[in-house]
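Asker: Input: one structure, supplied below.
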Amino acid sequence: MPTTADDAAAPCLDEVDRIIQGWERARSDLDIEPLAVFSRISRLARYLETARRESFAAAGLEGWEFDMLSALRRSGDDALSPGALMHQTLVTSGTMTTRIDKLVARGLVSKNRSPRDGRAVEVRLQPDGVSRVDTAMESLLSAERRLLQPLSAQGQSALASTLRSLLLTFEADEP
């Protein structure tokens, strides 16, 4: 069927638009406007999660391993205390201990007493950990660029700014 000028001017509908239309028909009494934002964020998160899984798997890592190695890589000297890792990865101390031990067993990190304070422990990246996290990060950035490709640089910047404003309201109460 040929398109007309009216068809070209009509907005494209995504799945969230169809969901919203369905709710408007089913429950016209509801203010469903938040769905326009959060359903899209949720659906985009699924695409991002797939890209993350593929990037990490290609480097031989699980998501939690990437999170740990990434925190260490960003630390400046590739070493952090277990407490600092807990804060950055938002896990409990028991979970952190188990994760560190698994990464040590794989040869991706070392765990030793701090040379500055013999009572403290520091976790440090090993060469294989550096290589794997770097490979995963390069792959992830490439995948994320592809996901953002439909937006101009200005559109990406505006979206990042808008999301930052929203996220800051939730992070304001965090330590």
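The values are calculated or read from the model by the stated rules, or taken from the named source; none is laboratory data. Since the model is a prediction, treat every value here as computed from it, not as a measurement. Here the Cβ positions follow ideal geometry from the backbone for every residue, glycine too, while neighbour counts run over all protein chains shown. Note: areas computed on protein heavy atoms with side chains; ligands, DNA, RNA excluded. Shrake-Rupley method; radii C 1.70, N 1.55, O 1.52, S 1.80 Å.
Asker: Scanning the chain for helices, which whole DSSP H stretches are 20 Å or more long along the axis (Cα) and average 1.0 or more by Kyte-Doolittle?
Answerer: none
Asker: Another question about this same structure. To the nearest 0.05, what FRET efficiency results for residue 112 and residue 142 with a Förster distance of 41 Å applied to their C-beta separation?
Answerer: 0.75
Asker: Could you look at the chain and say what percent of its accessible area is carbon and sulfur, using a 1.4 Å probe and all protein chains?
Answerer: Exposed carbon and sulfur together represent 56 percent of the surface.
Asker: What number does the range 5-81 give for Rg over Rh if you use C-alpha atoms and the Kirkwood radius?
Answerer: Answer for the range 5-81: 1.26.
Asker: Below 8 Å between Cα atoms, with a sequence gap of 6+, how large is the relative contact order for the chain in percent?
Answerer: Relative contact order comes out at 19 percent.
Asker: Which value in deg cm²/dmol, rounded to the nearest 500, describes the helix-derived mean residue ellipticity at 222 nm for the chain, given -39,500 (n - 2.57) per DSSP H run of n ≥ 4 and division by the residue count? Please list the in-between numbers first.
Answerer: Details: 8 runs with 117 residues, N = 175.
Helices in the chain give a 222 nm mean residue ellipticity of -22000 deg cm²/dmol.
Asker: In square angstrom, what is the accessible area per residue of the chain with a 1.4 angstrom probe?
Answerer: Averaged over the residues of the chain, the accessible area is 69 Å².
Asker: To the nearest 0.05, how large is the calculated FRET efficiency for residue 124 and residue 14 if R₀ is 35 Å and r is the Cβ-Cβ distance?
Answerer: Calculated transfer efficiency: 0.15.
Asker: Most fluctuating residue of 55, 139, 42 in a GNM of the chain with Cα springs under 10 Å: which is it?
Answerer: Greatest mean-square fluctuation among the candidates belongs to 42.
Asker: Most mobile of 36, 26, 84 per a Gaussian network model of the chain (Cα springs, under 10 Å)?
Answerer: The residue that fluctuates most here is 26.
Asker: Right, another one. Calculate the spin-label point distance for residue 131 paired with residue 153, positioning each point 7 Å from the Cα along the beta-carbon direction, and give it in nanometres.
Answerer: Going from the residue 153 label point to the residue 131 one covers 3.5 nm.
Asker: Which Cα, out of 143, 76, 13, lies furthest along the positive dipole direction of the range 1-144 (beta carbon charges, K/R +1, D/E -1)?
Answerer: 76
Asker: I want to verify the translational diffusion coefficient of the range 44-175 in µm²/s; compute it with Stokes-Einstein, Rh as the Kirkwood radius over Cα pairs, at 25 °C and 0.890 mPa s.
Answerer: 150
Asker: What full-extension length gain, to one decimal in nm, is calculated for residue 53 and residue 88 as 0.36 nm per residue of separation minus the Cα-Cα distance?
Answerer: On the way: separation 35, 0.36 × 35 = 12.60 nm, distance 1.98 nm.
Contour length minus Cα-Cα distance gives 10.6 nm.
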